[in-house]
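Right, one structure below, let's go through it.
The values are calculated or read from the model by the stated rules, or taken from the named source; none is laboratory data. What you see is a predicted model, and the numbers here were worked out from it, not measured in a lab. As a convention, Cβ positions derive from the backbone with ideal geometry for all residues, glycine included, and neighbour counts pool all protein chains shown. Side chains included, ligands, DNA and RNA excluded: accessible areas come from the protein's heavy atoms. Shrake-Rupley method; radii C 1.70, N 1.55, O 1.52, S 1.80 Å.
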Amino acid sequence: MSTVITGASGHLGRLTVDQLLAAGTPPEQIVATGRDTSKLGDLAQNGVVVRRADFADPGTLDDAFAGADTLLLVSTTTVGERFDNARNAIDAARRAGVSRIVYTSILNASAAQMTLADAHRRTEEYLRASGAPFVILRNGWYLENYTDQLPMITQYHALLGSAHDGRVSAAGRRDLAAAAAAVLTQDGHLAATYELGGTPFTLAELAATFSEVLGTHIDYLDMPVADYTATLTGAGLPPEMAAAVADADAGLARGELFTDSDDLVKLIGRPATTAREAVRNAADAEESR
Ligand SMILES: NC(=O)c1ccc[n+]([C@@H]2O[C@H](COP(=O)([O-])OP(=O)(O)OC[C@H]3O[C@@H](n4cnc5c(N)ncnc54)[C@H](OP(=O)(O)O)[C@@H]3O)[C@@H](O)[C@H]2O)c1
C-alpha cells in the first residue's frame, strides 16, 4: 500500500506529504516525486520513498508509479503543457495498475471559460473516460496568490486586478493539502468531484483587509485586462503567465472562482483559513524577516 505524490518538490505536493506524515502515515508508504530529487532529500532522510518523475518522460513515470496503490496527481505549472503532462501521468498510472487517481483541478472546471481552466477540463474528461477509479479536487484560487504580493502591496499601497466586484472563494494551500490528505487516507470518495473554496471576498474587500491588518490605507485598483496584463509583464512576469493571471481575473469577475460549496470545511473538519488570518500570518512572517 503506497501513495505516490507528484509535484512533491512544489508547495502543494510538499504540504500534502507533510500532512500525510502528521496524520500518521508511515513514511515508507509515501512516494514523493519530482523532476529533481535533490529537492526531496530531507524527506528521503525521514524515510519517505523518493523517486524521479518527469511527466514529459513517461519512462520515469513507470518507475515512479510502480507498486503504487493511490496517486495524487498535482497539475503542473506550464500552462501549455499541462494537459499532455496529465495525460502521460494518467496513462502511466493505468499501466502501473494504480487503484485510485486523485487529481488537483480548478474550481468550476466544467463551466469556467478562463484559459487556465481549459487543460483542467480536458484532464478531467480524460480521467473520467480512462476507466480508472478517480477523485477530483477542484482547488480554489490560492490565498497565497494575494499574500505573496505583500511587499509590493505595502510599497505601492495598492492591490491591482481586473476582477471588478467579482467574489473569489480563495483558500490557503495548507487547507487544500489537508483536504487532499483526507481523501488519500480515507476510504470512499470514489468518483467524487469536490469544489474546494474558502470564505469568498471581493478584491476591494481584500484591500480593506490589508488596510486593517497593516494599519495603512491600501486601495484596490481595478483596471482593464489589457492594462493589467501590461502591468504584470512590466513587473517581470513572463508574457504567457501575465496573460493567464489577468485572464483569470476576468474569470473571477464572471464568478468562475466563486463557490458556496462547503466541501473544503467538510473534508478538513474545521473552518478554512480566512483572508484576514492569511494576511495577518503573511504580515507577521514579513516582520520577523
Ligand atoms: N489554485 C491556484 O491558485 C493555483 C495557482 C498556481 C498554480 N496552481 C496549480 O496548482 C499546482 C500546484 O501548485 P503549487 O503551488 O504546488 O505549484 P508549484 O510550487 O509551482 O509546484 C509545481 C510542481 O509541479 C512540478 N512539475 C512541473 N512540471 C513538471 C513535469 N514536467 N513533471 C513533473 N513534475 C513537474 C514541479 O516540479 P519541479 O520542482 O521539478 O519544478 C513542482 O513540484 C500548480 O502546478 C498549478 O497547476 C494553482
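Averaging sequence separations of C-alpha pairs under 8 Å and six or more residues apart, then dividing by the length of the chain, give the relative contact order as a whole percent.
RCO, the chain: 18 percent.
Taking the Cα atoms only, what angle lies between the long axis of helix 82-95 and the longest principal axis of the chain, rounded to 10 degrees?
Rounded to the nearest ten degrees, it is 20.
Residue-wise, which Karplus ³J(HN,Hα) couplings in Hz belong to region 204-212, taking 6.51 cos²θ - 1.76 cosθ + 1.60, θ = phi - 60°, and x for glycine or proline?
With the stated coefficients, region 204-212 comes to 5, 5, 5, 4, 5, 5, 4, 4, 5 Hz.
Over the residues of the chain, compute the C-alpha Rg and express it relative to 2.2 N^0.38 Å.
1.00
Kirkwood Rh and Cα-based Rg: tell me the resulting Rg over Rh for region 115-202, rounded to two decimals.
That ratio equals 1.07.
List the relative contact order of region 1-65 as a percent without decimals, with contacts defined as Cα pairs under 8 Å and 6+ residues apart.
Averaging sequence separation for qualifying contacts and normalising by length gives 30 percent for region 1-65.
With every protein chain present, what accessible area does Val135 have (1.4 Å probe, heavy atoms only), rounded to the nearest 10 Å²?
Its heavy atoms expose roughly 0 Å² to the probe.
Picking from Ala182, Phe210, Thr273, whose Cα lies most toward the positive end of the charge dipole for region 166-289 (charges on Cβ: Lys, Arg +1; Asp, Glu -1)?
Going by the charge dipole, the pick is Ala182.
Enter the mean projected area of the convex hull around the alpha-carbon atoms of region 88-139, in nm², rounded to one decimal.
For the Cα atoms of region 88-139, the hull's average projected area reads 3.3 nm².
For region 182-259, take the convex hull of the Cα atoms, compute a quarter of its surface area, and give me that in nm², please.
So the mean shadow area of the Cα hull is 8.0 nm².
Could you tell me what percent of the DSSP beta bridges with both partners in the chain are antiparallel, to the nearest 5?
Around 5 percent antiparallel, to the nearest 5.
How much of the accessible area of region 182-289, in percent, comes from carbon and sulfur atoms when a 1.4 Å probe is used?
55 percent
What do you get for the angle between helix 173-185 and the principal long axis of the chain? Use alpha-carbon atoms, 0 to 90 degrees, nearest ten.
The answer is roughly 20 degrees.
If every alpha-carbon in region 133-254 counts as one equal scatterer, what log10 I(q)/I(0) does Debye give at q = 0.15, 0.16, 0.21 1/Å?
These q points yield log10 I(q)/I(0) values of -0.75, -0.83, -1.19.
Share of Cα-Cα pairs in region 61-110 beyond 17 Å, in percent?
34 percent
Sorted by accessible area with a 1.4 angstrom probe, largest first, how do Met114, Met223, Met152 fall?
Met152, Met223, Met114
With everything on Cα atoms, drop me the angle between helix 115-130 and the longest principal axis of the chain, reported from 0 to 90° to the nearest 10.
20 degrees
Given a 1.4 Å probe, how much area per residue of the chain is accessible, in Å²?
44 Å²
Compactness ratio of region 56-165: Cα Rg over 2.2 N^0.38 Å, N = residue count?
1.29
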